[in-house]
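J.: Dumping the structure here so I can ask a few things about it.
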Amino acid sequence: MAFQTKSNKPIAEPLHFHTVHGDQIRLSDNNSRATRDRLNNTLLFTNRPILANEIVELYIEELSTEFYGLIRIGLTTIDPGSFTQQTLPKTMPASDNRDWFVPSPRSPPNIMKNKTIYLKYTTEGDILIDYDGTGFIKYLTVPPITKDIWCALDLNGVVAQIRLTQSEVNVLANSVDRARARYLQYTNNRKKENASIYYSGELAPGFVTMSDCDENSEISENIAVKKKSTAAIVINEMLKRS
């Protein structure tokens, strides 16, 4: 089902917080508001993957007078739904350029109540954050991002309550269509004739094989690409486009 925003841009699924979160977190207002009373076990995620150049807006509603420290914001390629309460990290993991991409501010940003923090990433691997409305700053560059990726944040330190506001973007509900969008963005929208994106993710042995192929098939940056109908790509049934 598609939703409409005030700018009439279709939203496949409104952005809010994932139901998997740290046990010190309380969600409200249709899971768009997160509140914590104690430190630790305060990890949060978006309910769906975010797209390249989609802006995530985090509005600071309450600050703590008892705790200090910086809210940590980053990205993860791990589907939050795969975590259990036993495997969910208690704090934001360190950046590893594989599953977690967590920038560190060069200097403590000015965190204030009723201000909005903005985050976005590019398919080239740049992660940009605007902490105070003065403009995006590139905080981290990682390998090109070709997989579904969720925004993650640790509601720790001085921020006690935060609201995830709806970004206005055309969000693609199908993971294969998101893969196609990432592929076209990564190649600077240079469309391939009859190109078909089959899957974006960990193309591990046993999931993707290539048979009777010619130069018109390739696996590049974890994306399987079939450029012409004469090419052949065989993919595990669980990953094949329907």
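Nothing in this text is a laboratory measurement; each read-out follows from the coordinates by a stated rule. Because the structure is predicted, anything quoted here is derived from the model rather than measured. Neighbour counts run over all protein chains shown; Cβ positions are idealised from the backbone, glycine included.
J.: Convert each backbone phi in segment 22-31 into a coupling constant with the Karplus relation 6.51 cos²θ - 1.76 cosθ + 1.60 (shift: θ = phi - 60°), then list the ³J(HN,Hα) values in order as whole Hz, x for Gly and Pro.
T.: x, 6, 8, 9, 10, 9, 8, 6, 6, 6
J.: Something else about it: Considering every pair of different Cα atoms, what Kirkwood radius, in Å, is found for segment 3-165?
T.: Averaging 1/r across every pair of different Cα atoms and inverting gives 16.0 Å.
J.: Can you pull the one-decimal nm distance between simple spin-label points at Arg26 and Lys115, each 7 Å off the Cα toward Cβ?
T.: For Arg26 paired with Lys115, the spin-label model returns 2.6 nm.
J.: Please give the peptides 141-150, 18-27, 83-92 ranked by average Cβ packing (other Cβ atoms within 10 Å per residue), highest first, as a rough proxy for protection.
T.: Descending mean neighbour count gives 141-150, 18-27, 83-92.
J.: Hey, another quick one. Give the calculated FRET efficiency between Thr65 and Thr91 to the nearest 0.05, with a Förster radius of 22 Å applied to their Cβ-Cβ distance.
T.: The calculated FRET efficiency here is 0.50.
J.: Quick one: Cα convex hull volume of segment 27-82, Å³ per residue?
T.: About 119 Å³ per residue, rounded to a whole number.
J.: Given Thr84, Val159, Tyr121, which one lies farthest toward the positive end of the charge dipole of segment 3-165, if we put +1 on the Cβ of every Lys and Arg and -1 on the Cβ of every Asp and Glu?
T.: Val159
J.: Continuing with this model, one more query. Could you tell me how far the Cα centroid of segment 102-139 sits from the Cα centroid of segment 40-68, in Å?
T.: For segment 40-68 versus segment 102-139, the Cα centre distance is 12 Å.
J.: Hey, another quick one. So how far apart, in nm, are the two label points at Arg106 and Ile137 if each is 7 Å from Cα heading toward Cβ?
T.: In this crude spin-label approximation the distance works out to 0.6 nm.
J.: Give me, ordered by chain and number, the residues 5 or more places off Ile149 or on other chains with an amide H under 5 Å from its own placed amide H.
T.: Ile50
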